[in-house]
Amino acid sequence: MIIAVVSQKGGTGKTSITTNLAACYAAAGHELMLVDADPQHSALDWHADRPATLPPVHALHLPEQNLFQEVQHLHQKYPLIFIDGGGRITAPARAGGSALGGGR
Ligand SMILES: Nc1ncnc2c1ncn2[C@@H]1O[C@H](COP(=O)(O)OP(=O)(O)OP(=O)(O)O)[C@@H](O)[C@H]1O
Ligand SMILES: [Mg+2]
């Protein structure tokens with residue numbers, strides 16, 4: 001499952017939703033990858049502050065260029081991926097939508 005949290009409007013809760021989803025699924029015992037596709041790196045900042053005593057969340061930043069291909073590659077290792085999209089969301093939306101059959 002790939003979930004991309006995207007919105008063209010800023011400050012609407014994308015990072016809050018994505019990081020909370022990641023934390024909840026990690027707490028439930030799932031291995032997952034949190035992809036920060038926002039140049040602001042907000043999700044990575046959240047990840048850096050996450051105490052090591054909590055269930056692990058893997059996280060990395062991916063630029064919009066090649067996001068679709070990179071997420072498909074990651075999906076082979078991580079069945080569960082959450083994408084925090086930035087303000088310009090074309091590539092994150094495509095990367096998430098593809099898992100639902102939305103194509104490229
Ligand atoms: N730690 C915090 N304490 C208080 N308010 C916060 C905190 N983090 C975010 N907010 C507020 O919650 C709302 C949603 O923030 P969030 O960062 O999740 O939105 P976003 O859609 O990811 O923003 P952006 O488009 O800049 O990436 C905003 O109004 C933000 O100011
Ligand atoms: Mg954000």
Worksheet item: Considering only residues of the range 17-40 that are exposed (fewer than 15 other Cβ atoms within 10 Å of the Cβ) and at pLDDT 95 or above, which is farthest from ligand 2 (Cβ to nearest atom)?
Response: Gly29
Worksheet entry | Those residues of the range 6-18 which are within 8 Å of ligand 1 (Cβ to nearest atom) and either hydrophobic (A, V, I, L, M, F, W, C) or part of a helix (DSSP H, G or I) (or both), in sequence order | Lys14, Thr15, Ser16, Ile17, Thr18
Worksheet item: Taking the range 1-16 as the search range and keeping residues that are more than 13 Å from ligand 2 (Cβ to nearest atom) and surrounded by 15 or more Cβ atoms within 10 Å (Cβ to Cβ), which one is nearest to Ile81 (Cα to Cα)?
Response: Ile2
Fill in: Candidate set from the range 41-54 (those that are of a type in the set (D, E, K, R) and part of a helix (DSSP H, G or I)); member that is nearest to ligand 2 (Cβ to nearest atom)
Asp45
Worksheet, complete the sentence: For the range 43-80 the number of residues that are closer than 26 Å to Gly11 by Cα and in contact (Cβ under 8 Å) with a residue 40 or more places away in the chain is 3
Worksheet item: Which one of the conditions (1) modelled with pLDDT of 90 or more; (2) surrounded by fewer than 18 Cβ atoms within 10 Å (Cβ to Cβ) does Asp84 fail to meet, given that it meets all the rest?
Response: (2)
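The values are calculated or read from the model by the stated rules, or taken from the named source; none is laboratory data. These figures come from a predicted structure and were not determined experimentally. Ideal geometry is used to build each Cβ from the backbone, glycine not excepted, and the neighbour counts take in all protein chains shown.
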